[in-house]
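The values are calculated or read from the model by the stated rules, or taken from the named source; none is laboratory data. Every value quoted in this text rests on a predicted model; they were computed, and no experiment measured them. Backbone-built Cβ (ideal geometry, glycine too); neighbour counts: all protein chains shown.
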Amino acid sequence: MRKVLPVILICSLLCSCAQQKVVDEVNMAQAIGYDLTEDDMIEGMFVIPIFQQEKMGKYQILSGKSTTTSDVQAIVSKKANKPVLLGQTRIVFFSEKIVQQIGMTELTDYIYREPQLGNRVILAIVEGKVKDVIYTKSPNSNVNIGIFLADLITQQKESGNGPDTNLHIFLKDALADGGDAFLPLLKKRNNDIMVSGVALIHENKIVSKVKTQDMFVFKTLVQSHKRGIYKFSLKDKKKSEIVVESIRSGSSYNVSNSGSDPSITIKIKIEGQVKESMRSENLTNRKMIKKIEMAMKQDLTREANKLINDFQKKNIDPIGLKEKYHAKNKRMTYEEWKKIYPNMTIKVETEVHILQTGVSE
Amino acid sequence: MNQAGVNDKYKVSPFYVFFLVHSMQTGIGVLSFQRVLAKSAGTDGWISIILAGLIVHIMIWIIYKIFSIVPGDIISANTQALGKWLGNFFNLLFIIYFLILGMTVIISYINVVHVWMFEEVPSWAFALVFLILIYYINSGGFRTVTGVTFLSVLLTYWLLFDLIYAMKYAEFTNLLPIFDHSILDILKGVKDNSLTMIGFELILMFYPFIKDAKTSQKYAHGGALTTTLLTVFIYLVSLVFYSQKQLVLTIWPTLTMTSVVELPFIQRFEYIEISWWALVIIPNMTISLWAASRGFKRLFNVQQKYPLWGMSIIILLINIFVFDMDSLYILNKIINPYGLYFICLYLPLLLLIIYTKKLRKRL
Amino acid sequence: MLFNRRNSQKNLNRKDDFNKVSDIRSLFNSLSSSNDFINHQGNLKGIGYWVSFYRSLIDGQELHESVLSVIPTLETISLEQIKENIPIENTLITSTRKVIEERIMRGEIAIRLDTNLDECLLINIASKQGRQIGKPELEFGIISPQEAFVEDIDINLNLVRKRLPIPELQVNELTVGSLSKTKVAVIYIEGIVEQENVDTVIQRINEIEFDEILDGSNLAQMLYDESNTLFPLFLHTERPDRIASALSEGKVAMVIDRSSSALIAPTILLEYFITMEDYNMPWVPASAFRLLRIFAVIFSIFATPLYVAVLTFHYELIPKDLLETIVASRNLIPFPPLIEALFLEISIELLREAAARLPTKVGQTLGIVGGIVIGQAAVVAGLTSNILLIIVALSALASFVTPIYKMGNAIRLLRFPFLLGAQIWGLLGIALASVFLMTHLIKLTSMGHPYLEPIYPFRIKDWKDSFVRLPFNFFKSRPVNLRTENVTRQPQKQKTSKKRKNDFNE
């Protein structure tokens, strides 16, 4: 018995090997797109790289139709020589139509539930058809379209005006009361795919969009950041364009506590450098810089006010004012908030510091 | 005279009590306590944790008080205080309690592994390997058990870095408002927090294995304090990382949190964390089963390996025949409220009985 | 069986004591049956004498110069007379068979006179043939002494004593092995060593019942606390300076005759990653290299299993920039990662084993040819991926950095259970295998002292010379682990020579 026991143990353990997922024997989807077909079915498209030595960037796209997002994966696996797995997914696209029709919570349920998918997956909304975007050939032939677009959005949020976004940030906002969240918008124009703004989601559906030119203000309101480009025009004697790159920017919120007349003051603080000035005046002159700062301040305040008024009108809160208000007013419920928010006084105060003006005068 | 007398050779330094208590308290609970706590106490959950920590300190004080009057372990204390029959009944209850505790930990961990990594591997296979490992550790005596515990604490603290990484997504307004919940909610939170509290009661069994056991009290308190601080820290990070509703939806917030970690050479971190967590879990299972089998040994005067075998077989059979989600549900129902009530009500009572007996003897 | 034989021998000996007279003669008769046993007969002044010895054991020149040429110059002939006049010490006149037999077997000659053939004069002229003291081969050090032990116990003891010229250095000589009669010298410094350690060593050596002890490592295995382990529990060294330093720390050393290495006990795990060079370098580089060695060992154990685990189960972990490289290199390989890894690991082990068995020159060529050609061919043929080739080659390299060869062996083999774990449950399998290893290390003891010290039991004082080597002013006490009688290493004395100060800290 003593000698047989270990043998039995080892045999039974060897039989209980976990199911293998050897890298070259699975299809690793790197991007997924969900679209709605004419007959209200979900069409899923999986961008799957084909790895070959000395040939980079080859990929195939498998697609399938079903009624749920996870079932699409099963349908697609039926068409592939290897099982389709999601562990390497970087980006998930939804078409505007599918979001309006089905709703974000339902669409992201599988994505959040599935442990294979990390929390850093980027979600993006496509204006138009996802199919058109996914089947576009990536301009950089070394990577497939999925990686290309994921890199595009990451690059935009790091050095452009795109706000930070991924599955976790989205769910954090979307699962709160009201479900006010935002996602980057992509659009295919001619043969290029570009970021075309930010989609604002409220209670599961897309309700509004932030245009590209407002994205800097939006990014500053939502998070503090270290990069971002803002273009505005300086008007005194003549009109000229100035471009400022942010170095450290962010906003802070001040909630007044009075119950009868709730108000919020938003302080936007920008520290930046002049990137370009379409005017041949000496920028080392403090006066000139003060002038630029003033002009930018006014411009920013106006833009921010416009944006926030628009949010209030539509009763959406992508900036997360509700949480800030709730932090100070414990007793607030979501119903109350819905009532006060549209009429709340929201003041914007802006502060601009130009720290540098570049290497030339 | 003292049955619990342990040869000096097998004893460990008092300073290891810190690690034994701390490791036993932070086990599987740390992965998932936030969800239930957030449900009941929300942003004020950290108050519940601190309250729970206070209770633990009181209990530890009671335990050391009991042993200062009747040195030995809980087995001898019970029989001395309650007489042979009633005492042995409670001894049996303690043994069952330790067994259930160990079983809960094993099954919980298997459940985590099932959900996150290998859904197709049968539970009994995991249980078998864990039990062999536990037997192997236990066969080295309490010194080895302590060693594994000690090293596992040392080797797992680096995992805290992923909490710091997660702070990248922190939204500190989530901590507010404070004192948003009623005292009842906060007290309910204390109960819900029990999986990260219990574990200190293992002192009841390993007390005779400590050199100069009386001096080890400060280490026991230190261990419990560290656990409380760690739990508060994890809870606060979870609060700022998740929004309330999301936290309630997430079953293992600590694990989901690690899935935002990205290192240049590792894309996803949670798989490493789950595997590494085995290192945290194994001392938990080992100490509980050690305590249960040791109690059995003291009660029935048999070699420790026989009850250990028996208990292993019970756990294995449960893993073969009951689906882990089901058994976990039942076990959590038992351990969570009743286990805690049992410990927290029984120990003060025991101290009271022992104390009055002592007084009467003197009179 | 063994026991019986011993008993019967004992009985034989006892019987011999009764009829000693015929016994010496029968001894010489039986010895003469071997062809290299010489019975030289001479005659001096009418008295015949016999000189008997093993040709193969004695030094011929010594025999002629010191014995055979001295005898004719004597005035009268008697054993005492010869003993007086021969310029060799430690001679003995005896008629005990056992002593005579043993001494002759050790290379002494026996002189008998015809007048009394039962009495012998034993003179030691054993040939001292053997290697000269050479450079250490296995534990070569660049900035440390270039002396290594040889196969002669006296030379080896000399090497140790030269380094510790103090009367407290005690040598306790024992003999083990019923056939090999190996001499084992147990060395320790009295007043420093814990007496219990010495007693345990001596007791364990005396308890050995085995016919043949050929080498130190052979003996060490019989002295281990636990024989079911991959890890060496006694440190096996060929460097006399290592022995000297171990002795001064309070350890016990064993020098074994006919073995070019000595043993140190008790030891701890981390000691096996220490080279003597660490003490000859400033503490920062010494510590850095020691950490490098420990890292190399960890890498060597875990690298291949991690590769197998990640590629078999956890493809999610691979960063997107590496994904292409890894998958593309594995594309044409028909085997699962485990088989691929085993194939390479085993072929590397083969190379190593073959290179060790072949003469140095051939071995070197084989290593290079095998390494490059076979590896490259395997990649081109699509049997392994080149990434794995790099990993396996690196981990093989890393397993050689341990200064003690036997530890390297343990590490080579440890990889395989981890590979198995990785194949069964991926990272979890590796984690569980690690816990098994950890438990094993905690359980191990060397002469009853915990092997994993100072990590567990945790002793902060002993960390000065473990993962890192701190400056020597931290070396105030001997390792706590050894429970030495004399703990202090440095007398607490105010130093008179002041270190130069500058204006800043005046």
### Odd one out for A:Ile266, checked against (1) closer than 17 Å to A:Phe232 by Cα; (2) modelled with pLDDT of 85 or more
(1)
#### Entry: So B:Leu187, is it touching a Ser or Thr at 6+ places or on another chain (Cβ under 8 Å) and within 14 Å of chain A (Cβ to nearest Cβ)
no
### Query
Considering only segment A:3-51, how many residues are more than 19 Å from A:Gly103 (Cβ to Cβ), more than 12 Å from every other protein chain (Cβ to nearest Cβ) and in contact (Cβ under 8 Å) with a residue 24 or more places away in the chain?
3
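Inspect all residues belonging to segment C:399-411 and state whether any of them is among the β-branched types (Val, Ile, Thr), within 14 Å of chain A (Cβ to nearest Cβ) and touching a residue at least 24 places away in the same chain (Cβ under 8 Å).
Taking every residue of segment C:399-411 in turn, none turns out to be among the β-branched types (Val, Ile, Thr), within 14 Å of chain A (Cβ to nearest Cβ) and touching a residue at least 24 places away in the same chain (Cβ under 8 Å).
Which residues, taken from segment A:70-87, are closer than 13 Å to A:Ile111 by Cα and within 14 Å of chain C (Cβ to nearest Cβ)?
A:Leu85, A:Leu86, A:Gly87
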## Note on the structure
Residue pairs within 9 Å by beta carbon, gap of at least six or interchain, first lying in segment C:290-306 and free of Cβ contacts under 8 Å to residues at least 12 places away in the same chain, second part of a helix (DSSP H, G or I), listed first then second, are C:Phe295/C:Ala398; C:Ile298/C:Ala398
### Residue tally, condition among the polar types (S, T, N, Q) and farther than 24 Å from B:Val113 by Cα, over segment B:297-353
3
### Message
Please go through (1) out of contact with any Leu (no Cβ under 7 Å at 6 or more places or on another chain); (2) more than 30 Å from B:Phe323 (Cα to Cα); (3) within 14 Å of another protein chain (Cβ to nearest Cβ) for B:Leu82 and return the number of the only condition it doesn't satisfy.
### Response
(3)
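How do the helices (runs of 4 or more DSSP H) wholly within segment B:1-99 filter down when requiring 2 or more residues that are within 30 Å of A:Lys324 (Cα to Cα): which remain? Quick ask: steps written out before the conclusion?
Details: elements: B:16-25, B:29-41, B:45-69.
Output list reads B:29-41, B:45-69.
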#### Entry: Of all residues making up segment A:309-334, the number that are under 15 Å from A:Pro262 (Cα atoms) and either free of Cβ contacts under 8 Å to residues at least 40 places away in the same chain or polar (S, T, N, Q) (or both)
7
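For B:Phe118, are the conditions met, namely being in contact (Cβ under 8 Å) with a residue 24 or more places away in the chain and of a type in the set (Phe, Trp, Tyr)?
Values: in contact (Cβ under 8 Å) with a residue 24 or more places away in the chain: no; of a type in the set (Phe, Trp, Tyr): yes.
Spelling it out, it is not the case that B:Phe118 is in contact (Cβ under 8 Å) with a residue 24 or more places away in the chain and of a type in the set (Phe, Trp, Tyr).
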### Query
Tally time: how many residues in segment C:305-330 are among the acidic types (Asp, Glu) and more than 8 Å from chain A (Cβ to nearest Cβ)?
1
### Message
Among the listed residues B:Leu175, B:Leu93, identify the single one that is touching a residue at least 60 places away in the same chain (Cβ under 8 Å), surrounded by fewer than 17 Cβ atoms within 10 Å (Cβ to Cβ), away from every other protein chain (no Cβ under 13 Å) and farther than 30 Å from C:Thr312 by Cα.
### Response
B:Leu93
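Each row is one residue, and each column tells you yes or no for (1) at positive phi; (2) modelled with pLDDT under 90; (3) of a type in the set (A, V, I, L, M).
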{"residue": "B:Leu92", "(1), (2), (3)": "no, no, yes"}
{"residue": "B:Val105", "(1), (2), (3)": "no, yes, yes"}
{"residue": "B:Ala125", "(1), (2), (3)": "no, yes, yes"}
{"residue": "B:Tyr135", "(1), (2), (3)": "no, no, no"}
{"residue": "B:Leu155", "(1), (2), (3)": "no, no, yes"}
{"residue": "B:Met167", "(1), (2), (3)": "no, yes, yes"}
{"residue": "B:Glu171", "(1), (2), (3)": "no, yes, no"}
{"residue": "B:Leu175", "(1), (2), (3)": "no, yes, yes"}
### Summary
The residue that is farthest from the other protein chains (Cβ to nearest Cβ), considering only those in segment C:331-341 that are in a loop (DSSP other than H, G, I, E, B) and not aromatic (Phe, Trp, Tyr), is C:Pro334
### Query
Across segment C:445-469, what is the total count of residues that are surrounded by fewer than 20 Cβ atoms within 10 Å (Cβ to Cβ), in a loop (DSSP other than H, G, I, E, B) and within 24 Å of the chain's Cα centre (by Cα)?
2
### Query
For segment B:242-286, which residues satisfy the criterion of being surrounded by 24 or more Cβ atoms within 10 Å (Cβ to Cβ), within 28 Å of B:Phe200 (Cα to Cα), among the hydroxyl-bearing types (Ser, Thr, Tyr) and facing another protein chain (nearest Cβ under 8 Å)?
B:Thr256
### Task
Could you check segment C:71-174 for helices (runs of 4 or more DSSP H) lying wholly inside it with 1 or more residues that are modelled with pLDDT of 85 or more, of a type outside the set (Lys, Arg) and under 22 Å from the mean Cα position of the chain (by Cα)?
C:153-163
### Residues (within 18 Å of C:Asp154 (Cα to Cα) and among the aliphatic types (A, V, I, L, M)) located in segment C:78-122
C:Ile88, C:Met105
### Query
In segment B:141-153, which residues are more than 17 Å from B:Leu202 (Cα to Cα) and either modelled with pLDDT under 90 or among the polar types (S, T, N, Q) (or both)?
B:Ser152
### Subset of segment B:212-241 [more than 14 Å from every other protein chain (Cβ to nearest Cβ), within 30 Å of A:Glu203 (Cβ to Cβ) and not aromatic (Phe, Trp, Tyr)]
B:Leu236
### Scope segment B:105-149; condition within 10 Å of chain A (Cβ to nearest Cβ), under 21 Å from B:Ile314 (Cα atoms) and not in a helix (DSSP H, G or I); matching residues
B:Val121, B:Pro122
#### Entry: Only one of A:Val244, A:Val195, A:Val222 that is β-branched (Val, Ile, Thr), in contact with a Pro (Cβ under 7 Å, 6 or more places away or on another chain) and not assigned by TED's automatic domain parsing to the domain that holds A:Lys129
A:Val222
### Message
For segment A:52-74, give me each residue that is within 16 Å of A:Ile98 (Cβ to Cβ), of a type outside the set (S, T, N, Q) and part of a helix (DSSP H, G or I).
### Response
A:Asp71, A:Val72
### Message
Here is a check on your reading of the model: is B:Tyr329 under 20 Å from the mean Cα position of the chain (by Cα) and without any contact (Cβ under 8 Å) to a residue 24 or more places away in the chain?
### Response
yes
